[in-house]
Amino acid sequence: METQRELEQRALGEVHSAVDTVELERLRVRYLGKKGELTARLRSLGELEPDQRPEVGRWINELRRSLEEALQERRRELAAREEASRLQAETLDVTLPGVPPSWGRRHPLRQVWEEIEDVFLRLGFDVAEGPEVETEYFNFEALNIPADHPARDMQDSFYLHGVGPGLLLRTQTSPVQIRYMQQEAPRTPLRMVAPGRVYRRDQLDASHSPVFHQVEGLVVGPGVSLADLKGVLSLFAREIFGPAAKLRFRPSYFPFTEPSAEVDVSCPLCGGRGCRTCSGSGWLEILGCGMVHPRVLREGGYDSEEVAGFAFGMGIDRIAMLRYGIDDLRLFTQNDLRFLRQF
Ligand code: DAH
């Protein structure tokens with residue numbers, strides 16, 4: 001009886017003080033498993049005196065039952081504790097404020113580029129493109145600027161002699177006029193704008209950059225006149241600079257137009273009264289234009305007796321500066337977010 005009570009106390013005590021469910025399972029096997037201590041005792045009943053067997057047998061069965069109960073209860077306790085600590089360890093604080101992704105925006109030059117495109121798209125123009133690496137033929141010759149023409153000096157160019165003969169970074173978007181006409185001739189009417197990057201050998205300062213942007217425009221058709229040119233450009237100016245914008249046409253010279261004009265817009269900053277930006281004149285130059293030279297029409301594949309055309313070219317950077325009152329071109333390319341976030 002002594003060893004029975006000892007066994008009982010040891011088994012129950014161990015179950016009660018088991019620290020986790022793994023240990024508990026080990027105890028179950030040790031006492032109740034096929035090779036467990038209680039099973040062994042049950043098997044060895046036969047070695048006892050016959051009159052002792054029923055009593056010892058009952059005791060073993062009772063101990064088995066109370067061990068099973070104790071195991072179950074302890075298992076429940078330990079499982080709950082393990083669950084709690086697992087949850088504790090896996091806690092995810094979903095109330096932590098997130099990191100909001102910051103919204104990007106289009107560069108101010110790109111915004112103005114697209115606004116200009118939009119104005120002309122609404123007028124029925126197509127948008128065309130040309131290569132930034134251009135040939136002398138498209139950039140100069142076809143535009144009536146022969147090799148010895150002084151106009152070439154005004155557009156000091158980046159030549160790509162090492163890449164191929166007669167190749168340069170285009171100094172203007174005007175070569176797209178020729179490319180577009182040669183591609184579309186003899187279709188009329190032609191209406192296209194060609195925005196893009198252009199390159200000139202200039203020192204970077206507040207108003208000069210070796211890389212800048214232009215929008216070229218070209219309209220070709222029977223009976224196209226200077227009045228059409230003025231009408232289209234006046235409408236353009238009102239769309240971009242506001243309904244009060246006025247234009248001033250000054251006679252000028254370009255090899256690819258005849259007659260030619262330079263166009264000023266009434267200063268959008270002072271309304272034409274005169275301020276620092278317009279140097280007190282009330283006007284700002286925004287583009288060059290004219291009636292397409294007959295030689296240029298012919299080079300494009302058109303009969304200059306049958307059709308006429310007008311063309312214009314404007315600087316996107318300059319228009320953006322006027323629109324927003326920006327006084328330094330370099331701000332566009334310095335990637336200063338304090339500047340860029342304002343647009
Ligand atoms: N290509 C000229 C420049 O870069 C601008 C220009 C003037 C374009 C008159 C034209 C035009 O189409 O008709 O200075």
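The values are calculated or read from the model by the stated rules, or taken from the named source; none is laboratory data. None of the values given here were measured: they were computed from a predicted structure. FYI the Cβ positions are ideal-geometry reconstructions off the backbone, even for glycines, and counts take in every protein chain you see.
Glu216 - would you say it is closer than 30 Å to Phe158 by Cβ, under 36 Å from the mean Cα position of the chain (by Cα) and within 15 Å of the ligand (Cβ to nearest atom)? Yes: the conditions hold for Glu216. Scanning the stretch 223-243 finds no residues that are assigned by TED's automatic domain parsing to the domain that holds Asp156, of a type in the set (Asp, Glu) and buried (at least 20 other Cβ atoms within 10 Å of the Cβ).
Is it true that some residue in the stretch 115-123 is exposed (fewer than 13 other Cβ atoms within 10 Å of the Cβ) and at pLDDT below 90? So far as the stretch 115-123 goes, no, none of its residues is exposed (fewer than 13 other Cβ atoms within 10 Å of the Cβ) and at pLDDT below 90. Looking across the stretch 149-189, just one residue is more than 11 Å from the ligand (Cβ to nearest atom), among the charged types (D, E, K, R) and within 32 Å of the chain's Cα centre (by Cα), and that is Arg179. Here the condition is being of a type in the set (Lys, Arg), part of a strand (DSSP E or B) and either more than 16 Å from the ligand (Cβ to nearest atom) or over 27 Å from Arg170 (Cα atoms) (or both); of Arg273, Arg248, it holds for Arg248 alone. For Ala84, the stated conditions do not hold, so it cannot be described as assigned to a loop (DSSP other than H, G, I, E, B) and farther than 30 Å from Lys34 by Cα. Test Leu67 against the stated conditions and say whether it is under 14 Å from Glu8 (Cα atoms) and either surrounded by 14 or more Cβ atoms within 10 Å (Cβ to Cβ) or not assigned by TED's automatic domain parsing to the domain that holds Ser85 (or both). Judged against the criteria, Leu67 is a match. Taken together, Thr171, Thr188 contain a single residue that is in the same structural domain as Phe312 (by TED's automatic domain parsing), in contact with a Lys or Arg (Cβ under 6 Å, 6 or more places away or on another chain), assigned to a loop (DSSP other than H, G, I, E, B) and among the hydroxyl-bearing types (Ser, Thr, Tyr), which is Thr171. Residues in the stretch 120-149 that are over 15 Å from Ile178 (Cα atoms), part of a helix (DSSP H, G or I) and out of contact with any strand residue (DSSP E or B) (no Cβ under 9 Å at 6 or more places or on another chain): 1 in all.
Here's the yes/no breakdown for (1) assigned by TED's automatic domain parsing to the domain that holds Phe125; (2) of a type in the set (S, T, N, Q); (3) over 22 Å from Glu239 (Cα atoms); (4) buried (at least 21 other Cβ atoms within 10 Å of the Cβ):
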{"site": "Glu285", "(1), (2), (3), (4)": "yes, no, no, no"}
{"site": "Glu306", "(1), (2), (3), (4)": "yes, no, yes, no"}
{"site": "Ala320", "(1), (2), (3), (4)": "yes, no, no, yes"}
{"site": "Leu331", "(1), (2), (3), (4)": "yes, no, yes, no"}
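Selection over the stretch 276-306 of residues that are hydrophobic (A, V, I, L, M, F, W, C), more than 16 Å from the ligand (Cβ to nearest atom) and touching a Pro at 6+ places or on another chain (Cβ under 8 Å) gives a count of 0.
Is it the case that the stretch 215-228 has a residue that's free of Cβ contacts under 8 Å to residues at least 24 places away in the same chain, out of contact with any Asp or Glu (no Cβ under 9 Å at 6 or more places or on another chain) and of a type in the set (A, V, I, L, M, F, W, C)? Yes, because at least one residue in the stretch 215-228 is free of Cβ contacts under 8 Å to residues at least 24 places away in the same chain, out of contact with any Asp or Glu (no Cβ under 9 Å at 6 or more places or on another chain) and of a type in the set (A, V, I, L, M, F, W, C). Tell me, yes or no, whether the stretch 17-36 has at least one residue that is touching a Phe, Trp or Tyr at 6+ places or on another chain (Cβ under 7 Å), in contact (Cβ under 8 Å) with a residue 12 or more places away in the chain and part of a helix (DSSP H, G or I). Within the stretch 17-36 (the criterion being touching a Phe, Trp or Tyr at 6+ places or on another chain (Cβ under 7 Å), in contact (Cβ under 8 Å) with a residue 12 or more places away in the chain and part of a helix (DSSP H, G or I)), the answer is no, since none of the residues qualifies.
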